[in-house]
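Structure record follows, encoded as structure tokens.
Only the coordinates and a few stated rules stand behind these numbers; no lab work does. Quick caveat: nothing in here was measured; it's all calculated off a predicted structure. Using ideal geometry, Cβ is built from the backbone for each residue, glycine included, and neighbour counts are taken over all protein chains shown.
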Amino acid sequence: MKAGEFEEGSHVLRAKIDMQHVNMHMRDPLMYRVLKKHHHRTGNDWCIYPMYDWTHGESDYIEQISHSLCSLEFKPHRELYDWFKEHVYGYAANELPMQPKQREFARLNLSYTIMSKRKLLKLVEDGVVSGWDDPRMPTISGLRRRGYTANSIRTFIEKVGVAKRENVIDVSLLEFCIREDLNYTAPRVMAVLDPIKVIITNYPEDKVEWLEAENNQEDDSAGFRKVPFSKEIYIEKADFKEEASNKFFRLKLGGEVRLKNAYIIKAESVVKNADGNITEIHCTYTTDTEKKVKGTLHWVSIKHAIKAEVREYDRLFMDEAPDSHQDKGFMEFINPNSLKTIEAYVEPSLAESSIGDRFQFQRLGYFNVDNDSKVDQLVFNKIVGLRDSWAKQKPIPQQQQNQNNKPQQQNKRSAIEQIKSYGKKYDRMQDDQREKAKAEIQELAKSISYEDVEALFGTSVKKAGTRIITMISLGVLLNNGLEKNEAINDFISKAKDDKNQLLVAEANAI
RNA sequence: UGGCCUAUGGUGUAACUGGUAACACGUCUGUUUUUGGUGCAGAAGAGUCUAGGUUCGAAACCUAGUGGGCCAACCA
């Protein structure tokens, strides 16, 4: 066989076990088959290849490992793993005394992506991503290129834990881990991704000041750098509105705002083009930086800023668990807008940066210098944005709506649901608390139906609280004209015999 | 249909060998702040899928049901 005398498929070597075995894998499984494939080491000389089940246990045994960890779908293979292991053990029990054990655990699934190597391969082959290390890929090389530190990946894995049930881990946990790490280590810099021009009318034409900026206030050893300031600067478009409410802490006409590491400016007027879009904001500045102002903006001096490419990533898939659908393939959920390329303006100190460096672009997020970056054409990846509690207050744009459409159970719960949640604690409450709860339940009970209550009649005896709140609600319904029936009478008379005095009292009150 | 695995707040994981549920993320308050970040203080949210049973006592043990997953490749 191994010399290639036989054709593929003509001969195989099988382990003789039991063709009647309940476990399919034990029905005389194949160990070797003829495969006339080219091998990167042996070329075309070697023509038989082993099957996974046989090789798995054999190599684990030769390596003398104690535990062989794998994912859940291999559970049915364990019996065969053990069978092979026990048969091989007899040949070298003295030299190789350790018998490995296979143990299965659930695979780690991340929300809005896929983890299967075969499926990931498809993304690479179809050109959906640029390669295995595309920053959107959940591969180690992808995460690293994206800017995730080894440390953050480790803490993530630690927090996630291991168990045997199917899971989908929220990406927000991964994002938390990288933010936590980078908050202490990443130098802060300023970059403007979506610029609008600001002219400081009372600042001298050719004047340039190099202002001192703190690199990282979380790290005393990080030191300071110089940032150039001049008459014309860029700020983010989203940081200016002609008119806005008091909740908007940023720049508006007549309003003042602090420029990070620089002065306080006041917006006086705007210049618009023919389409009515703002092209320039005219401001005045004051050197009184002690003044209290609500907002602080990041900025860059136009004449000193460096143009750079920024790659902003969104989730690869629009569905939380793209490969969990029976009727649809994961490719149907691909997010067509997972990569956005932006021309940004960054502060001049970044000219010194090199591939792999990580920064916080102040107020925006964490970014790293991509492998594609060149001295004269910097390329940054957005690793993750900063948490943004302002964004939550604004209406959610269409694009992201499906990211947060999980049911928020706290809100609009039905009356019966609210009543039931009292039941969980009712019998353990203090007297005055309980009085309040009871009043609340009686109020809520006005808007429930008999069916809601009847469904709770079967509540098991030990859940006294639930039975009490059911009794109170029933009392309200009866007061409002509900006729007693057999089920109701049953429920009441059973309650009168209960050992819980609160329940007995409520039952007697009816 | 059969066999195996699994079920604990929105998510993920805990709870010693039975003693009424803990941690993290997320969510929400308040506070500090030259980042609407960070920090700090706090809150809401779970009778542990359901029904029986064992027990003084069950998230845990037993039985049945239900939901989810896996297994019938000369793939791994």
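Summary of computed values
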{"quantity": "Electrostatic dipole magnitude of the stretch A:225-285 [Cβ: Lys, Arg +1; Asp, Glu -1; Cα centre; debye, to 20]", "calculated": "400"}
{"quantity": "Normalised alpha carbon radius of gyration of the stretch A:1-79 [divisor 2.2 N^0.38 Å]", "calculated": "1.28"}
{"quantity": "Subset of A:Lys197/A:Lys226; A:Lys36/A:Lys85; A:Lys307/A:Lys374; A:Lys241/A:Lys291 violating a 19 Å alpha-carbon distance limit", "calculated": "A:Lys197/A:Lys226; A:Lys36/A:Lys85; A:Lys241/A:Lys291"}
{"quantity": "Sorted by Cβ neighbour density within 10 Å, fewest at the top, the residues A:Ser373, A:Ser473, A:Ser449", "calculated": "A:Ser449, A:Ser373, A:Ser473"}
{"quantity": "Exposure proxy order (Cβ contacts within 10 Å, fewest to most) of A:Trp210, A:Trp299, A:Trp132", "calculated": "A:Trp210, A:Trp132, A:Trp299"}
{"quantity": "Value of [θ]222 nm, deg cm²/dmol, for chain A, DSSP H segments ≥ 4, -39500 (n - 2.57) each, nearest 500", "calculated": "-8000 deg cm²/dmol"}
{"quantity": "Cβ crowding within 10 Å averaged over residues, with A:436-446, A:39-49, A:60-70 ranked highest first", "calculated": "A:436-446, A:60-70, A:39-49"}
{"quantity": "Extent along principal axes [Cα atoms of the stretch A:113-199; Å; largest to smallest]", "calculated": "59, 34, 19"}
{"quantity": "Cα-based reach from A:Lys16 at 15 Å (exclusive), listing aspartates and glutamates while leaving out same-chain residues under 8 positions away", "calculated": "A:Asp28, A:Asp53, A:Glu79, A:Asp82, A:Glu86"}
{"quantity": "Between the stretch A:269-346 and the stretch A:184-245, the Cα center-to-center distance that results, in Å", "calculated": "16"}
{"quantity": "Hydrodynamic radius (Kirkwood) for chain A, which is based on Cα pairs only, to one decimal in Å", "calculated": "30.0"}
{"quantity": "Among beta bridges that DSSP assigns inside chain A, antiparallel share in %, nearest 5", "calculated": "70"}
{"quantity": "In sequence order, calculated HN-Hα J values of the stretch A:61-78 (Karplus, 6.51, -1.76, 1.60; Hz; x Gly/Pro)", "calculated": "5, 4, 7, 6, 7, 8, 10, 10, 8, 8, 8, 3, 5, 8, 3, x, 7, 4"}
{"quantity": "Label-zone membership for the stretch A:139-161, site A:Ala106, 7 angstrom Cα→C-beta point, backbone N under 12 Å", "calculated": "A:161"}
{"quantity": "For the stretch A:232-341, alpha-carbon Rg over 2.2 N^0.38 Å", "calculated": "1.56"}
{"quantity": "Cα centre as origin, Lys/Arg/Asp/Glu Cβ charges: the stretch A:201-247 dipole, Debye", "calculated": "140"}
{"quantity": "Sequence ranges A:324-332, A:243-251, ranked by mean other-Cβ count within 10 angstrom, highest first", "calculated": "A:243-251, A:324-332"}
{"quantity": "Point-charge dipole on Cβ atoms (K/R +1, D/E -1) for chain A, about Cα centre, debye to 20", "calculated": "700"}
{"quantity": "Vicinal HN-Hα couplings computed from phi for the stretch A:182-192 (Karplus, 6.51 cos²θ - 1.76 cosθ + 1.60; Hz; Gly/Pro x)", "calculated": "5, 4, 8, 10, 7, x, 8, 9, 10, 8, 10"}
{"quantity": "Percentage relative contact order, chain A, counting C-alpha pairs under 8 Å, at least six apart", "calculated": "9"}
{"quantity": "Packing-based ranking, highest mean first, of A:91-100, A:353-362 given that Cβ atoms within 10 Å are counted", "calculated": "A:353-362, A:91-100"}
{"quantity": "Under 18 Å from the Cα of A:Lys438 - aspartates and glutamates, other chains or at least 8 residues apart", "calculated": "A:Glu417, A:Asp427, A:Asp452, A:Glu506"}
{"quantity": "In the stretch A:112-197, GluC sites (Glu not before Pro) in a DSSP loop with at most 15 other beta-carbon atoms within 10 Å", "calculated": "A:Glu166"}
{"quantity": "Longest to shortest principal axis, alpha-carbon extents of the stretch A:1-147, angstrom", "calculated": "49, 37, 35"}
{"quantity": "Proximal charge balance of A:Tyr112 [Cβ under 12 Å; K/R count +1, D/E count -1]", "calculated": "-4"}
